[in-house]
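S.K.: One structure, pasted below without further comment.
Read the figures in this text as sums done on the coordinates, not as results from a lab. All values derive from a computational prediction rather than experimental measurement. Backbone-built Cβ (ideal geometry, glycine too); neighbour counts: all protein chains shown.
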Amino acid sequence: MQHRFIQNFILKLIGILTVIVSVAPLPVIADEKNQGNFDFASVEQLAQELSRQDYRPPVKIKGAENLSYDDYRMIRFRPNKALWRGNSLFEMHFFHTGFLFQNPVNVFVIENGIAKEVRYSRDMFDVAPQVSKKLPSDANNNFAGIKFVYPLHKADTKDDVAVFLGASYFRMLGRGDHFGLSARGLAIDTAEPEGEEFPSFSKFWIIKPGENDSFLTLFALLESPSISGAYRFTIRPAQQTTIDVSATLYPRNTSKKIGIAPLTSMYLRGEADLRSSDDFRPEVHDSDALLMHTGSAGEWLFRPLIHRHDGVRITRFLDIDPRGFGLIQRDRLYDNYLDLETHSEERPDFWIKPLNKWGAGSVELVEIPSNFETNDNIVAYWVANEPLQSPFNLAYRITAGRGFVNSGLAEVKRTMIQTVDASQFGGDNETTEARRYLLDFSSDELRSLGDDQPVHPEISLSSGRFQNLTIEKNRTGGEWRVTFVAIREKNTTTDMRLSLNLHGTKLSETWLYLWDE
């Protein structure tokens, strides 16, 4: 739970560290022995060597745990200490250790094949006097993470583009986005009874960008008890920012469940949630659905996220060589959030596109009960059917932005649910229960169709039955609404699927829903 809290804290912290461009001296870089032609193969060799040794947990910075949440917010990186300031479109900023971020990371810059470590200095940070006395005075390295800024919107302003902070978490933004969900290097044993293992990036190497380079490449070393890995990230800021990820993994323990390309988000309440609330906001979430493009059938699956009341839910979507999956924020209307602080309508979608063959496996969606929006309680990742062999090579692209994933089909715009009296539909309220589902679909093609066109909903239920299936066009917005009532025996689970077709041609994504509470 601590790691899920970390991400909400990062979101607030990042806003403090956004700065405006101005020319200033570069931070000092420590002289190191010439390492020759340092490249990604060098990181792979280091990761492989570590995998053959017993795992050594990171040494926490002594005293970092003494900083409270409020203390940590009073440590601010000084803009005039940014690396490459005035010499590149990119700048690199640093996060200090403290509070929950007690493990230091080593940061190196590669120039002409030589890697030199960035030297930590206290004067790189503005620290409130009451906090300064709590910081350790003898630490040689107090960096907890890094941030990259770039002129994403205006030529004279550097905007946040990517942040690496906390275990193997990282975030990215497209143009106009607000920070929301996170990506991670790996997820290990997520939602398993023995507990989750959190790998960490312990070292970063950044290739010094040229003056006008519009992309940035960095390497990272990942370490955990079960695996070590070498990661290469290539960041390209744009309307939809992309990060190409290449990784070589060296498992120590092949019995672990390894989640590939994990995404982590928050879902507290949405339009389909049946619980009452005294919150003034109609909806509270950073993402509202899992979207998947299958490799086996080329089908687009849309699964709205669900607020869990009791117990963790794990849903697996079997596939072979998936074409893509992601956590998305489809609801983009401010009126559905009414939050002037978080602006949830501006949270980015994250889309994972494999760049090599992933074989047989499943996208796994984990939904965790939570009563607080500070908890990232949604996780999605790919799990291969076969244990990872050493070395295991992985390549994929993460794209961040809003509304850019285009299936060419009608989208599920909203899912609404209403509890109804089962006795009105041939059941009894002692042993059966009933719900009315209302689904809105939208596309240019649907809007262009006359309301007399024979658009047909194809529906199936794994158990129970449905009644009163109807479809009609909304003349105001051109959306088409499907309504049906599902009836089931109490304490059973029902999987539902629904899509639209016209004259035998599929018109929409396939809506999926799991009724298990």
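S.K.: Exposure proxy check: Asp279, Asp452 ranked by fewest other beta carbons within 10 Å?
M.R.: The order, fewest Cβ neighbours first, is Asp452, Asp279.
S.K.: Quickly estimate the mean residue ellipticity at 222 nm for the chain, helices only: each DSSP H run with n ≥ 4 gives -39500 (n - 2.57), and the total goes over all residues, rounded to 500.
M.R.: -2000 deg cm²/dmol
S.K.: List the chymotrypsin sites (Phe, Trp or Tyr not before Pro) within the range 235-300 that DSSP assigns to loop and that have no more than 12 neighbouring Cβ atoms inside 10 Å.
M.R.: Within the range 235-300, the qualifying chymotrypsin sites (Phe, Trp or Tyr not before Pro) (loop, at most 12 other Cβ atoms within 10 Å) are Phe280.
S.K.: Which value, in debye to the nearest 20, gives the size of the charge dipole of the chain about its Cα centre, when Lys and Arg are +1 and Asp and Glu are -1 at the Cβ?
M.R.: 1300
S.K.: A further question on this structure: Using the Cα centre as the reference, give the magnitude of the dipole from point charges on the C-beta atoms of the range 166-277 (Lys, Arg: +1; Asp, Glu: -1; all else neutral), rounded to the nearest 20 debye.
M.R.: So the dipole magnitude of the range 166-277 works out to roughly 180 debye.
S.K.: Moving to a separate point now. Take the residue pairs Lys81/Lys158; Lys147/Lys256; Lys133/Lys203; Lys357/Lys413; Lys147/Lys203; Lys147/Lys208 and return only those whose Cα atoms are more than 20 Å apart.
M.R.: Lys147/Lys256; Lys133/Lys203; Lys357/Lys413
S.K.: Given H placed on each backbone N at 1.01 Å, which residues far from His343 in sequence or on other chains put an amide H within less than 5 Å of it?
M.R.: Sorted by chain and number, the residues that satisfy this come to none at all.
S.K.: Please go through the range 267-321 and write out the GluC sites (Glu not before Pro) that DSSP classes as loop and that have at most 12 other C-beta atoms within 10 Å.
M.R.: Hits after loop and neighbour filter: nothing returned.
S.K.: For the chain, what proportion of DSSP beta bridges, expressed in % and rounded to the nearest 5, is antiparallel?
M.R.: Looking only at bridges with both residues in the chain, the antiparallel portion is about 95 percent.
S.K.: If I model a spin label as a point 7 Å beyond the Cα along the Cα-Cβ vector, how far apart are those points for Asp495 and Arg56 in nm?
M.R.: About 4.7 nm separates the two model spin labels.
S.K.: Rounded to the nearest Å, what's the spacing between the alpha carbon centres of the range 343-388 and the range 389-464? Just the number, please.
M.R.: With the range 343-388 and the range 389-464 each reduced to a Cα centre, they are spaced 19 Å.
S.K.: So, one more: Can you give the relative contact order of the chain as a percent, counting alpha carbon pairs under 8 Å and 6+ residues apart?
M.R.: That works out to 12 percent.
S.K.: When you count, for each residue, the other Cβ atoms within 10 Å and take the mean per peptide, how do 224-232, 289-297 rank with the highest first?
M.R.: Answer by packing, highest mean first, reads 224-232, 289-297.
S.K.: Something else about it: Only one of the listed values, [x] 44, 24, 23; [y] 36, 27, 24; [z] 43, 28, 24, was derived from the coordinates as semi-axes √(5λ) of the Cα gyration tensor in Å; which label is it?
M.R.: [x]
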